[in-house]
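The values are calculated or read from the model by the stated rules, or taken from the named source; none is laboratory data. This structure is a prediction, so every number in the text was calculated from the model and none was measured. Every residue, glycine as well, gets a Cβ built from its backbone with ideal geometry; the counts of neighbours run over all protein chains shown. The area values use the complete protein model at the heavy-atom level, side chains included, leaving out ligands, DNA and RNA. Shrake-Rupley method; radii C 1.70, N 1.55, O 1.52, S 1.80 Å.
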Amino acid sequence: QVQPVESGGGLVQAGGSLRLSCAASGSIFRFNAMGWYRQAPGKQREWVAGITSGGGTNYADSVKGRFTISRDNAKSTVYLQMNSLKPEDTAVYYCNRVPGREEYWGQGTQVTVSS
């Protein structure tokens, strides 16, 4: 089983933007709702945004209006455009199906927002 591979994280100042990418195998991605999750230090992993196979989206209240999830079905890739970043967005970001499957958690990508 191949886990998704997340990329695009980094260090950014508050108010800045980042775009995360997640490349998943077809068996994980195809016909499934996909989502982004994050885990901050000392906190539980939380769901951030989700997108159905047809493109319907929904977001956690904490990121609504700032983050945009999208997917490219031909590339089996999910994206997360993050704008107006805040220090509280600092976390390791993961992608997975919605709901998340234990066997599909990858290494994640670190996002650090400085104040």
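For the range 28-76, the relative contact order works out to 31 percent when only alpha carbon pairs closer than 8 Å and six or more residues apart are counted.
Sorted largest first, the spans of the alpha carbon positions of the chain along the three principal axes are 40, 25, 21 Å. A Cβ-based charge dipole, computed about the Cα centre of the chain with Lys and Arg at +1 and Asp and Glu at -1, lands at about 160 debye. Each Lys or Arg adds one and each Asp or Glu subtracts one; over the other residues with Cβ under 15 Å from the Cβ of G55, this totals +2. The figure for K64 is an accessible area of roughly 120 square angstrom, using a 1.4 Å probe on the protein chains alone. Placing unit charges on each Cβ (+1 for Lys and Arg, -1 for Asp and Glu) gives the chain a dipole about its Cα centre, and among V63, V111, F29 the Cα reaching farthest toward its positive end belongs to F29. Sequence-distant contacts, meaning Cα pairs under 8 Å at least 6 residues apart, place the relative contact order of the chain at 38 percent.
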